[in-house]
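Participant: One structure, pasted below without further comment.
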Amino acid sequence: MHQNTAMCKAIDSIQQQVEIELTEHQIDIICDHLYLTFGAGFDEGRKQNSHAKPVVQSKNGKVIKTYNSVTEAAHALSVDKTSISKCVRGKTSNCKGYKFTFAESMENI
């Protein structure tokens, strides 16, 4: 069984719409990849965090990527979310060599 059946139902639906055939193994690989990449956002039955704030990852003053939340950024970089949380709150200067700020604070610069 897949780690997240909602995600896999979506994959099945897409597969039918584009009329391609995927083996069960290929679907497993896609589901695992999506779960590892976006797992926090696709948890079945879990209420989405409406308090999440977009987070900007930067290095040497250049924006690398914007994430929907601290959790998403932490998941993408394989670090604990408290490391990024401390960075956005100014408790530490960086995490894995990157600076993180809330996107809303970037708009005020």
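FYI, it's all coordinate maths here, none of it is from the lab. For clarity, every value in this text was computed on a predicted model and none was experimentally measured. Virtual Cβ from ideal backbone geometry, glycine too; neighbours counted across all protein chains shown.
Participant: Using the Karplus equation 6.51 cos²θ - 1.76 cosθ + 1.60 (θ = phi - 60°), what ³J(HN,Hα) coupling, rounded to whole Hz, does each residue of the stretch 54-63 give in order, writing x for Gly and Pro?
Facilitator: Computed from phi, the couplings for the stretch 54-63 are x, 10, 9, 9, 9, 8, 6, x, 10, 5 Hz.
Participant: Using 7 Å Cα-to-Cβ label points, what is the Ile14/Ala52 separation (nm, one decimal)?
Facilitator: Each label point is offset 7 Å from its Cα along the Cβ direction, giving 1.7 nm.
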